[in-house]
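Below you'll find the structure, written out as structure tokens, and then a few comments.
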Amino acid sequence: MITRSTAAGYAARARHRRPPPRGKRDIALNKRSLFLFCGPFAALFVAMYVAPIVYAAVSSLYVVKRSGLGLAPPTRTFEPFSNFAHAFGDKDFVAALERVALFAVVQVPLMLLLALGLALLIDARSARGKGFFRLAAFMPYAIPGVSAALIWSFMYSPDSSPLNGLLEPAGISIPFFDDDVVLWSVANIVTWSWTGYNMIVIYAALQAIPREVLEAAKMDGASALRIAWSIKVPAVRSALVLTAVFSIIGSAQLFNEPAVLQPISSGAVSSAFTPIMSAQAAVTAGNYPYAAAQSVVLAAVVGLLSFVFFKLTRRGEPR
């Protein structure tokens, strides 16, 4: 016979064993799933991205000192401003920053204008063979940067340049590796390689424009040029800003193309032609803290320029 006290005990144990509410179990399960899915990415992100940045920032605060005869091993001393003062006083590094800035000011707008023009042409209603032209414009991007630079180094070679061979009957010879021309020879390679990528991004943004808007503008008598200027270009503004920021960052990281052209440039492309090449030269010399300081300066400059660019391009946008 079950007494009242026994029944009360069973009820108490049942309440104690009652599973938690479904909402709490779902939250716990979601947290566990989030950790399982995002944990590997977070670990790799910290190990491969955050940790090197922190290590470079810390290394830039030290200075490598060697004895006069170089017999004793080098020592590292904590001097937080020494490497940065050296970087801003290094004429080669400052010249590399100015060279890359000039490169970005000229090459990035021209490349984006070309990409925008190609995207608008392919998006036109009267365009034929859109798939072929999209693929043809994108193909240079599919070629690795070093391979593209090797191809163009053959095109630029003073001894075997087919371009100058074609122009020779007209008495024209392009000095691809003159000091005043070599930067634009590099810019041509970058433009050839990346215009198709930017075109695809802008073309994808064009596909998001409602067809009803374009049809309404056409019914109102707007020409194709008017539709492109007044509707399509404003609609892809975000894509243009995105590709511009990526291109600015890419310009600061310029390395592959000038490094490949350096052996045949007759000294026009120096070991400090770009900031990344200058940092690489410091690494080759064994001065890792100075290379880290140059990298930190370059990252700070690029971050500041990207922030200012975003602020300027977001003016007038509705909040």
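So the values come out like this:
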| read-out | value |
| --- | --- |
| Residue tally, condition surrounded by 15 or more Cβ atoms within 10 Å (Cβ to Cβ) and in a loop (DSSP other than H, G, I, E, B), over region 277-319 | 1 |
| Residue match in region 269-276 (condition: in a helix (DSSP H, G or I), under 19 Å from the mean Cα position of the chain (by Cα) and within 29 Å of Leu312 (Cβ to Cβ)) | yes |
| Some residue of region 45-67 being in contact with a Gly (Cβ under 8 Å, 6 or more places away or on another chain) and at pLDDT 60 or above | yes |
| Selection count where residues are assigned to a loop (DSSP other than H, G, I, E, B) and open to solvent by 100 Å² or more (accessible area, probe 1.4 Å), scope region 210-225 | 1 |
| Cβ-Cβ under 8 Å pairs, at least 6 apart or on other chains, region 265-280 side farther than 12 Å from Ala95 by Cβ, far side acidic (Asp, Glu) and part of a loop (DSSP other than H, G, I, E, B) | Ala268/Asp178; Ala268/Asp179 |
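The values are calculated or read from the model by the stated rules, or taken from the named source; none is laboratory data. Everything quoted here is computed from the prediction, not taken from an experiment. Virtual Cβ from ideal backbone geometry, glycine too; neighbours counted across all protein chains shown. SASA here: full protein model, heavy atoms, side chains in, ligands and nucleic acids out. Shrake-Rupley method; radii C 1.70, N 1.55, O 1.52, S 1.80 Å.
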